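A short worksheet on the structure shown next.
Throughout, read-outs are computed from the coordinates displayed, never taken from laboratory work. It should be emphasised that the depicted structure is a prediction, and the values quoted were computed from it without experimental measurement. FYI the Cβ positions are ideal-geometry reconstructions off the backbone, even for glycines, and counts take in every protein chain you see.
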Amino acid sequence: MENFMVWIWLSVVIISLIIELSTTQLVSIWFTLSGAISLGLSFIPSFPWWGQVLVFAILSVVSCFTLRPLIMKWQKKQDRATNTNLDLIVGMYVRVLKRADFDNLGEAKIGDVVWSIKSQDGSTLEENEIVKIVAIEGNKLIATKQTKDI
């Protein structure tokens, strides 16, 4: 029976590792780690098969509920550290090409791209007015009126 459990745990480790490597989310890494520990326990002759299963189940649950939040927090921190080209637009000053008011989107040009633009507070942005980009929502620039000379 002990030799049989070695093959069971080796299968669990390999299958859960393949599943983990084929996804972008943390799905089965907990089973890979727990299976590897149970695989190690299966080499101890006096350790019963039900004890290996119990260790596997407890470690899977504990590692999922303790390590997953820590890893997700770390991943979010890493994602925020990755800047994109859109991050460069926020903070820029642009000229309004087409008037924007509460009901209608205006237009502004950055480089060769014409963007839809609206005011952050719903106020009117007049044509040829210089505004500051404070955010991007979807494909729209969110702007505030210029408060200083540039």
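Here the chain is described by how far its Cα atoms reach on the three principal axes: 82, 28, 25 Å, from widest to narrowest. On a 0 to 90° scale, report how tilted helix 29-41 is relative to the longest principal axis of the chain, with both axes built from alpha carbons and the result rounded to the nearest 10. Once rounded, the angle reads 20 degrees. Among 73, 118, the order by Cβ neighbours within 10 angstrom, fewest to most, reads 73, 118. Here the dipole of the range 2-81 is about 480 debye; that uses its Cα centre as origin and unit charges on the Cβ of Lys and Arg (positive) and Asp and Glu (negative). What's the angle, to the nearest 10 degrees (0 to 90), between helix 2-21's Cα axis and the longest principal axis of the chain? For 2-21 against the chain, the angle is about 10 degrees.
For the range 56-124, the average shadow cast by the Cα convex hull is 8.0 nm², which is a quarter of the hull's surface. Helix 49-81 axis versus longest C-alpha principal axis of the chain: approximately 20°, rounded to the nearest ten. Inter-part distance, the range 63-127 to the range 23-44, computed on C-alpha centroids, equals 41 Å.
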